[in-house]
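The values are calculated or read from the model by the stated rules, or taken from the named source; none is laboratory data. All of these numbers come straight from a predicted model, not from anything done at the bench. Cβ: placed from backbone, ideal geometry, glycine included. Neighbour counts: every protein chain shown. Protein only, heavy atoms only, side chains kept; ligands, DNA and RNA dropped before computing areas. Shrake-Rupley method; radii C 1.70, N 1.55, O 1.52, S 1.80 Å.
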Amino acid sequence: MASRFDTHEVLNQSPPFEDVDLFACDRPLQDAVAGNGAGGDAKALSAFGRHWGRAEMLELGRQANENPPRLRAFDAHGFRRDFVEFHPAYHVFMAESVAAKLQVSTWRVDGSVAAPPAQVARAARFYMAAQIETGHLCPITMTRASVAALAAAPKLAETLMPKIAAREYDPAFRPWPEKKSVTLGMGMTEKQGGTDVRAITTRAVVDGEAWSVTGHKWFLSAPMSDAFLVLAQAAGGLTCFLMPRFRPDGSLNGVRLQRLKDKLGNRSNASSEVEFTEAFALRVGEEGRGVATILQMVQLTRLDCAIASAGLMRMALAQAIHHARHRAVFQKPLADQPLMQAVLADMALEVEGAIALVMRLARSYDLAAQDRHEAARARFLTPAVKYWVCKTAPALVYEAMECLGGNGYVEESILPRLYREAPVNPIWEGSGNVMCLDVLRALERDQGAGREVFAALVEEAGPAARETAAFIEATLAGAEHEMRARAAVERLAVLAAAAALRGSAPQPIADMFARTRLAGSRGMFGTSALAAGDAATILQRALPS
Ligand SMILES: Cc1cc2nc3c(=O)[nH]c(=O)nc-3n(C[C@H](O)[C@H](O)[C@H](O)COP(=O)(O)OP(=O)(O)OC[C@H]3O[C@@H](n4cnc5c(N)ncnc54)[C@H](O)[C@@H]3O)c2cc1C
């Protein structure tokens, strides 16, 4: 690509990475989809990948993030509006994701679970959408996950499901019964405690057939959702409630948006601070069972955090490989320089592991209803997978940024946006330490099932897993197991990734991952012992040249 300026000709700049089929150019994704039972969906996934990979979508992603939402707390006369205004580009993404049913496709309209491979097929789409615009996926993931909590209130679920399942996005700020479709959010975190939900001070009292909720939430994302699943203290203990934006009489509910968070990334999405002033709410599940009820939802949003982080890594990797193939240094493409090959291939192998792992986990969700072992696998591995995949993303995105040199650090490239976005997934829906403690807690609660899952992973990962398996066992059995939980959970996730690759990737790829991640210890990207031939194989799969 060359173009003439007055003073010089522009040479050796890589063309934009756009107008690509996000599915067809991603062999690890295709293999993970096929290996986890969704190969029959390949044609539709390719259509989705082509649509989302258009230059126009990338441009809309930029616009949605460079024009963050604004709070309109009052109208011109001082009356409360509690309205958040979004850039039109944000609404385009919402409409696209709702049309693709990303907010509901793992459920039937009666609220029961959809048949396999609904989870894997959706995960593949969610992963591709995350590569283009991640902020809007917050209300999308919360809406789909809310259905799991609503199962505790079948009558409510029955009335809401047709609106959740509708394919026409309706951004109107109106009472939900008047709308074509709805989205749902979630409110747990308060000023004095996020992890420690038992510290919640928001109170709920019975008010006729319904409840009246007073208090606050320190983080409430997607505040333009039509309703929220909220935790509050009732007489019988912490309880889950559905709190709509409007009361049944059509007046604005007591959901007062105080201000929007000024966030590092995730800028297309709004996250608010909110006060509840005798807000109308309906109980979801039994009084005092709020944590158990909302955890059904949180488990699914954690899965989506991991899928989205894999998507962020994928886009960063694709940008890096694409650039390296088009940029020459010392008369030779960067992609042909051995040290750059080592860096790119190491990153690509990590992304291979992440993709295989999240798709295998989605498969467990697909099978959980009919297979006790898969249900246990989903339970034990979700926090470990969220921990490892989400925490890997910031480092990998940074490394990809460096592959683009100075251009990677500049806003016109997508890398700064991916980089700012990456740390949110490890923090929300339970931060890193909390994920590790969750794994310990799940193992303590059901040691037998935990052992079965672990034994299956070791078997699937093959002989290279022996040392890692021994380390995990010894660490978890040790007196200081809580202190060492990160080391054990990280190794557990890597073990699960190695096992997942054995199930879906070609053998040489699974072997390389096991050799460099299980048997060997790895430093920064580019330090794995990969031969030149290995690197070429990995990179050709990651992005066909
Ligand atoms: C952009 C954004 C949007 C959000 N949106 C929402 C939302 O819509 N709804 C909602 O309810 N929340 C939301 N959150 C809140 C988020 O879920 C919490 O911030 C998160 O769960 C951590 O809680 P906290 O901030 O209170 O930190 P704390 O609970 O104080 O935790 C601080 C740190 O301590 C660690 N820690 C906690 N307990 C232990 C322990 N026992 N041992 C060792 N370490 C521990 C944690 O891992 C964390 O790293 C959002 C957060 C962000 C950043």
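Worth pointing out:
- The value of relative contact order for region 35-141, using C-alpha pairs under 8 Å at least six residues apart, is 32 percent.
- Computed log10 I(q)/I(0) for region 205-258 at 0.13, 0.19, 0.22 Å⁻¹: -0.32, -0.70, -0.94, from the Debye equation with unit scatterers placed on every C-alpha and solvent omitted.
- Binning the alpha carbon pair distances of region 261-311 at 10 angstrom intervals from zero yields the distribution 18, 29, 40, 14, 0, expressed in whole percent.
- Rg over Rh, two decimals, region 164-233 (C-alpha only, Kirkwood Rh): 1.04
- Expected 222 nm ellipticity per residue - DSSP helices of 4 or more, -39500 (n - 2.57), all of the chain, to 500: -16500 deg cm²/dmol
- Region 419-545 - percent of accessible surface contributed by carbon and sulfur, probe 1.4 Å: 55
- Within the chain, the proportion of Cα pairs with more than 41 Å between them is 21 percent.
- Accessible surface, per residue, of the chain when the full set of protein chains is kept, probe 1.4 Å, Å²: 41
- Equivalent-ellipsoid semi-axes for region 490-532 (Cα gyration tensor, √(5λ), whole Å, largest first): 17, 14, 7.
- Region 70-113 shape via C-alpha gyration tensor axes, a/c threshold 1.5: oblate
- Dipole magnitude (debye, nearest 20) for the chain, charges at Cβ of Lys, Arg, Asp, Glu: 380
- Legend: P(r) of region 462-523 from all alpha carbon pair distances, 10 Å bins from 0, whole percents, reading 24, 49, 22, 4.
- On a per residue basis, the convex hull of the C-alpha atoms belonging to region 360-413 measures out at 89 Å³.
- Shape of region 75-206, Cα gyration tensor, a/c cut at 1.5: rounded
- Once divided by 2.2 N^0.38 Å, the Cα radius of gyration of region 265-412 becomes 1.41.
- Global geometry of region 9-166, whether rounded, prolate or oblate, following the gyration tensor of its Cα atoms and the 1.5 cut on a/c: oblate
- Remark: accessible surface ordering of Leu396, Leu58 (largest first) is Leu58, Leu396, probe radius 1.4 Å.
- For region 21-98, average projected area of the Cα convex hull in nm²: 7.0
- Area of Leu381 that stays accessible when all protein chains are in place (1.4 Å probe, Å², to 10): 10
- Unit Cα scatterers, Debye sum, region 79-139: log10 I(q)/I(0) for q = 0.25 Å⁻¹: -1.04
- Relative contact order of the chain, pairs being alpha-carbon contacts under 8 Å that are 6 or more residues apart, as %: 15
- Taking every protein chain into account, the 1.4 Å probe leaves Lys332 with about 80 Å² of accessible area, to the nearest ten.
- Sparsely packed GluC sites (Glu not before Pro) within region 161-252, loop by DSSP, other Cβ within 10 Å at most 12: Glu168, Glu209
- Pairs of alpha carbons in region 112-163 separated by more than 12 Å make up 71% of all such pairs.
- Reciprocal mean inverse distance between Cα atoms of region 290-339 - Kirkwood radius, Å: 13.7
- Region 1-79, relative contact order in percent, only Cα pairs under 8 angstrom and at least six apart counted: 27
- A quarter of the convex hull surface defined by the alpha-carbon atoms of region 399-543 gives 10.5 nm² as the mean projection.
- Dimensions in Å of region 132-268 - Rg and Dmax from alpha carbons: 14.9, 46
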